[in-house]
1. Between 88, 137, 153, 127, which is in the same structural domain as residue 45 (by TED's automatic domain parsing) and touching a strand residue (DSSP E or B) at 6+ places or on another chain (Cβ under 6 Å)?
2. Of all residues in the range 205-248, which are surrounded by 20 or more Cβ atoms within 10 Å (Cβ to Cβ) and within 13 Å of residue 192 (Cβ to Cβ)?
3. Go through (1) at pLDDT below 95; (2) assigned to a strand (DSSP E or B) one by one and return the number of the condition residue 171 breaks.
4. Out of 242, 251, which single residue is at pLDDT 70 or above and over 17 Å from the mean Cα position of the chain (by Cα)?
5. Only strands (runs of 3 or more DSSP E) wholly contained in the range 58-157 count here; list those with 1 or more residues that are in contact (Cβ under 8 Å) with a residue 24 or more places away in the chain and surrounded by fewer than 21 Cβ atoms within 10 Å (Cβ to Cβ).
């Protein structure tokens, strides 16, 4: 009987420790999203200087097609596919400084038709997303995989020609702190990064208790950052690497060369402020969570120990 009690205690303790280790590993993986990112980062000034000296990659042929993709799914008035005035101004600003470029607007209807025709294996996941913004998030990755070009959110405009940005095979924007951003992206068609981004979507398409986590980690900027780092860990060929274009909007940062921002964030939910606070107090949050994990693990062990003693006492009473 002592052996059985000891075995039960050992199993309960082991389960508690393993659960704690799993939680800690998930926390570490989560925090990694907000740490140092893989790959090379270049400022917008450096991009312009490299273009003017014709040395982005020591080549004259650009990677990125002259296409600007925008997505507008009108959730409030589904029958109206016209861009709101402020967002149409952003679109026109890019048309004006990029003559000869194509400007493509993807509506709810044309977006789904594209997925259905080009990537039918993803259509059920696309339709089943809990939040409409997840369809927009995932669609941008497929558009760049299939067509290449530059993707811009509706609230982004152009200050200058995007031509200097065409000489990088794929790029994302980096605000200089926290996760990467997916509001402006670009690349050549069928670049391995976009293939990995799109091929990984289904396995990450989980619904979490909080809307912000579901949106960010299943399709949004946390997902983008996770796959970005994964791409560099698993990269096997010697083709030119994607780069991060710095778009630091904090006070004191360099003025943007290529982009403007008019405000949007139409997808934000009630928990956005909470995660904004976490992002600003990340170290404190990690300490609190890690402390709670340790306390929870100790509590599990203590409960297992008391339960083991109680069961042993109960067995002795039955015996006598």
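The values are calculated or read from the model by the stated rules, or taken from the named source; none is laboratory data. From a predicted model like this one, the values you see are computed outputs, not experimental measurements. So basically every Cβ, Gly included, is an ideal-geometry build from the backbone, and we count neighbours across all protein chains shown.
1. 153
2. 227, 228, 231, 242 - these are the residues of the range 205-248 that are surrounded by 20 or more Cβ atoms within 10 Å (Cβ to Cβ) and within 13 Å of residue 192 (Cβ to Cβ).
3. (1)
4. 251
5. Values: elements: 67-71, 102-106, 149-152.
Answer list for the range 58-157: 67-71, 102-106.
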